[in-house]
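Contents: one structure, followed by commentary.
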Amino acid sequence: MSLCIEKERQALLDVKANLLDVHLLLDGWGSQEELDCCKWVGVTCNNHTGHVIELDLGYVFEVCQLFSGYTFFGSLSLSLLVLKQLQYLNLDYIGFESNPSPNLLASMSNLQQLHMSNANLSGPIPHQLANLSNLLHLDLSRNSLTGSIPFSFGDFTSLTYLDLSQNLLGGFVPRSFGNYSSLVHLNLSQNLLNGPLPDFARCSSLINISLAHNSLNGSMPDFTRCTSLKYLDLSHNFLNGNMSNNLGHLVNLKYLDVGHNSLKGSMPDFTRCTSLQTLDLSNNLLSGNMSSSVGQLSNLEFLDVGHNSLNGSMPHFRCTSLQILDLSSNFLSGNIPNSVGQLSNLKYLDVGHNSLNGSIPNLIGCPYLWFLDMSSNELFGIVPNSLGQVSNLEYVDFSSNFLEGVITDVHFLYLTHLYYLDMSFNSLALNISVHGRIPSQLSIIKLQSCKLGPRFPMWIETQVSFTHLDISNAGISESIPEWFWDLSNGLQFLNLSSNEIKGVLPNMGYLVHFFDGVPGLDLSNNLLEGRVPSLPMLATLNLSGNRFSGTLSFLCEIVGTLTFLDLSNNSLSGSLPDCWLKFKEKLVVLNLSNNNLSGEIPSSLGFLSNLESLYLRTNAFVGEVPMSLSNCTSLKFVDLRENKLYGFIPQWIGEKLSKLYVLVLGSNKFNGSLPSHICWLYNLQVLDVSNNELSGDIPRCFDNFTAMAKRSFGDDMTNHSYYSYYSCGDQGHLDQLDPGYPAYCPYQRQDAYFLDNTWVTWKGTERSFGRSGLQLLKNIDLSRNNLSGEIPYEITSLYELISLNLSINKLHGEVPKDMGLLKSLESLDLSRNEFSGHIPLSLAQLNFLSYLDLSFNNLSGSIPTGSQLQRFNYTSYSGNHQLCGPPLTQRCGFPPVVEKKHVEEDEDEFWESYYTGMSVGSAVGFLGICGALILNRHWRYFFFAWLSHVKDWIYVIVAVHLGKLGRKFRR
């Protein structure tokens with residue numbers, strides 16, 4: 001006999017009718033074969049009364065495991081109110097077209113569990129839900145809910161489970177949450193919550209709380225009285241203040257994660273937390289000694305205190321259950337304790353980026369260790385042979401240390417499962433015997449800056465499965481053997497750079513079928529020669545600093561995935577190919593500098609819409625700059641120096657390339673005037689148009705170069721991110737550590753960074769600027785042109801300008817008197833122009849000025865005294881014939897001394913007429929001199945300079961005579 005109540009059966013059919021069942025998951029509802037609604041999928045009835053007590057539409061999704069996204073679309077029928085005895089309602093993964101009526105849900109008074117996760121909900125949380133007085137479990141996670149959490153939620157006195165994670169909720173966490181005496185699980189992660197946390201001191205039965213991935217700030221609450229608390233997750237917020245020592249009083253705590261906050265202070269004492277299994281304090285601001293208590297927790301399985309500021313020594317570990325240990329990126333010092341070798345269950349060990357020293361301890365007691373990372377410490381000592389006895393070791397990383405010694409076959413004798421080997425940036429030497437081999441098949445080999453040469457390492461011939469090989473700067477000085485190119489079938493990244501490898505490259509086009517992903521290739525800074533062969537599909541290609549010759553026709557054979565191309569410093573010739581369209585929206589850096597390339601720059605370069613750095617320096621390109629480059633609006637760096645380009649400097653550079661911070665067009669044949677549109681480049685820090693045929697005035701809008709008026713230390717301009725290679729990676733072990741690792745792995749991008757560098761005429765010589773130097777450089781070089789007119793006064797507003805070179809032009813007028821406003825100026829070259837007038841006194845205020853050249857102008861007067869201008873060599877002022885004073889040998893003139901003559905005159909009339917004429921003449925002369933001084937600026941400067949010299953002369957004469965007189969009396 002059917003237990004289904006007919007009106008409830010009809011209500012369920014109405015619910016189905018309002019939903020779009022794309023996958024026909026509810027196709028059995030209402031069929032002739034099954035009329036009893038209590039037997040429908042997702043429906044549960046009371047065995048005695050026949051009332052529907054559970055409706056689980058989310059269960060369908062979880063059981064099928066076939067679909068992603070929503071299982072149903074539509075709205076919630078009002079007929080749901082007919083199910084008055086409903087206690088459990090699961091509406092997960094239903095894409096509601098509009099939010100269900102708040103009154104509809106609030107009227108279901110018997111409801112104990114409500115699941116609406118990933119249901120396309122939006123807007124604020126209905127406060128009417130607080131009317132569900134019997135509610136024990138509420139899950140509204142993974143929606144787009146906004147606003148604040150209703151304070152009425154504090155009325156859920158019986159609630160045991162609340163999940164509001166992954167929404168857009170903001171505001172404070174209601175303090176009433178601290179009244180939840182029965183709460184077992186609280187998850188508010190991945191929202192926009194802020195303000196302080198509530199006091200959970202009264203929630204004595206709290207077992208599980210998670211506030212992860214929010215924007216919470218403020219200090220941590222006091223959990224002292226939450227003695228039953230077992231699960232606490234406050235990670236990925238903005239919590240600040242000191243780490244609460246009360247956390248160590250939670251004696252039943254099993255899981256604690258407060259990682260990724262801004263918590264300060266020292267680590268709590270966890271001695272009493274004997275049940276603790278997971279402890280994550282990573283990515284905070286913790287300081288002081290690392291708490292030794294964590295080494296005594298016998299049940300601890302996971303410990304991560306990485307990325308803090310902890311110091312002192314590592315504790316001794318006796319927690320034999322420990323599987324994952326991460327102490328990286330701190331200031332830990334001393335030796336790695338030998339007790340690490342007794343952690344028999346250890347799988348993951350990372351003590352990188354510390355200040356540890358001594359030797360690596362005996363790890364023979366770790367039979368299951370599969371991940372070891374001791375990178376970036378200050379370790380000293382020799383890698384012990386005992387490491388090779390850890391027979392199950394799979395992952396070894398000793399990179400970026402000060403390890404020394406010789407690694408031989410013995411070290412790898414028992415490492416039959418090793419797949420990851422990184423010993424880069426040490427003082428290690430690998431000495432594998434001629435017939436020796438590493439018994440395991442390595443997937444990742446990183447041996448940068450290790451001593452492998454001079455011969456090419458033969459042991460690599462036994463490795464046929466590596467996907468990543470980096471043996472750069474390894475002292476190899478012979479050719480690459482032929483067998484090398486027949487090895488790996490899944491190569492993703494190859495770096496043989498900075499060796500002395502000789503010979504020619506084979507045709508590698510056939511390798512495209514063997515690459516697993518899109519690989520990166522770096523053979524830069526070697527002695528390779530010949531033509532560049534056909535190459536396969538590549539993400540990056542770096543052949544710079546070799547002796548390659550021939551044309552660039554091979555570029556058209558590369559499959560269009562290239563993001564980075566550097567062929568600089570070779571002997572390549574011919575014109576640029578016209579196949580750049582294939583690299584559209586991918587290529588970020590293009591460097592062809594220092595070759596013998598010629599012809600016009602092809603217009604197809606304009607297809608590179610994501611290009612950020614363009615280097616064509618020191619070639620023989622001719623013609624005008626193609627207008628198609630105006631489409632490359634992502635350009636930040638352009639260097640076309642030392643070519644044969646001509647025509648006007650395009651106005652569109654200023655109009656379209658607004659992100660430019662370096663523009664180098666020097667040593668070409670550009671003519672015409674410097675366009676004022678260049679001033680639209682507000683981010684410009686380096687402008688070099690020197691050694692061209694420019695004429696006309698300097699634009700008066702240079703004060704628009706606002707980046708030259710402020711100090712900047714950011715690297716967002718000089719760094720360019722690109723994909724070094726694409727791969728699916730090796731997930732064979734990652735899924736053991738992280739159950740959430742995807743079963744199917746599409747191409748993953750492996751990012752790398754390129755740092756711009758440029759050559760600048762600096763203090764009279766060519767100098768390369770890169771890395772941090774280029775970030776601070778603010779340079780204008782307009783030298784070696786035919787520019788005329790005066791220096792625009794606006795240039796004095798570029799307060800952070802470091803170098804200014806206007807030499808070898810036809811500029812005239814006076815040097816702006818406010819040049820002293822350029823307080824950061826270190827290099828100033830105004831030589832070989834037609835400047836006149838005096839050297840501005842304000843130049844003496846430039847405390848950082850270390851290079852000055854004012855030679856061969858028409859400057860006059862004295863060099864300002866009593867300043868650093870006297871410490872420059874006389875050549876800085878030579879060729880100005882009217883300049884005088886130190887350091888020049890020409891002394892500034894003084895008024896002649898006139899001797900008095902006593903002439904007696906007897907006639908009173910003579911003296912009367914004499915004095916009368918003298919008075920009149922003096923008055924006329926005084927007025928004439930004053931008028932001249934007022935009307936003529938040059939005379940006015942000369943007169944006051946003369947008075948200054950007279951004053952100095954009198955002072956010196958008096959001082960000398962007083963000195964002589966004093967010495968005479970002292971005798």
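Quick notes on this structure:
- Among the residues of segment 662-680, those that are of a type outside the set (Gly, Ala, Ser), in a loop (DSSP other than H, G, I, E, B) and surrounded by 22 or more Cβ atoms within 10 Å (Cβ to Cβ) comprise 665, 668, 674.
- One residue from 95, 123, 147, 170 being surrounded by fewer than 19 Cβ atoms within 10 Å (Cβ to Cβ), at pLDDT below 90 and at positive phi: 147
- Qualifying strands (runs of 3 or more DSSP E) (wholly inside segment 751-825; at least 3 residues being without any contact (Cβ under 8 Å) to a residue 60 or more places away in the chain and under 24 Å from residue 859 (Cα atoms)): 812-814
- Residue check, residue 291 more than 23 Å from residue 186 (Cβ to Cβ) and touching a strand residue (DSSP E or B) at 6+ places or on another chain (Cβ under 8 Å): no
- Complete set of residues in segment 277-297 that are under 16 Å from residue 247 (Cβ atoms), in a loop (DSSP other than H, G, I, E, B) and not aliphatic (A, V, I, L, M): 277, 282, 284, 291
- Qualifying residues in segment 150-167 (those that are polar (S, T, N, Q) and out of contact with any strand residue (DSSP E or B) (no Cβ under 8 Å at 6 or more places or on another chain)) - the one modelled with the highest pLDDT: 166
- Any hit, segment 637-651, residues being at pLDDT 95 or above and part of a helix (DSSP H, G or I): no
- Under the condition of being surrounded by fewer than 18 Cβ atoms within 10 Å (Cβ to Cβ) and not polar (S, T, N, Q), the residues counted in segment 838-859 number 4.
- Cβ pairs under 6 Å, 6+ apart, first in segment 86-115 and closer than 19 Å to residue 163 by Cβ, second among the charged types (D, E, K, R): 88/54; 90/56; 115/92; 115/139
- Flag for residue 610 being in contact with a Cys (Cβ under 9 Å, 6 or more places away or on another chain) and not basic (Lys, Arg): yes
- Candidates are the residues of segment 299-332 that are of a type in the set (Gly, Ala, Ser) and outside any strand (DSSP E or B); the one that is nearest to residue 351 (Cα to Cα) is 328.
One line per residue, one yes/no per condition, for (1) of a type in the set (Val, Ile, Thr); (2) buried (at least 22 other Cβ atoms within 10 Å of the Cβ):
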position: 415; (1), (2): no, yes
position: 431; (1), (2): no, no
position: 435; (1), (2): no, no
position: 447; (1), (2): no, yes
position: 456; (1), (2): no, no
position: 464; (1), (2): yes, no
position: 472; (1), (2): no, yes
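- Any hit, segment 838-850, residues being in a strand (DSSP E or B), in the same structural domain as residue 780 (by TED's automatic domain parsing) and in contact with a strand residue (DSSP E or B) (Cβ under 9 Å, 6 or more places away or on another chain): no
- Flag if residue 30 is assigned by TED's automatic domain parsing to the domain that holds residue 9, more than 22 Å from residue 143 (Cβ to Cβ), at pLDDT below 85 and touching a Leu at 6+ places or on another chain (Cβ under 6 Å): yes
- Residues that are more than 33 Å from the chain's Cα centre (by Cα), at pLDDT below 95 and on the phi > 0 side of the Ramachandran plot, drawn from segment 551-601: none
- Within segment 9-63, tally of residues that are without any contact (Cβ under 8 Å) to a residue 24 or more places away in the chain, of a type in the set (A, V, I, L, M, F, W, C) and outside any helix (DSSP H, G or I): 3
The values are calculated or read from the model by the stated rules, or taken from the named source; none is laboratory data. What you are looking at is a predicted structure, and each value in this text was computed from that prediction instead of being measured. Positions of Cβ are backbone-derived with ideal geometry, glycine not excepted, and every protein chain shown enters the neighbour counts.
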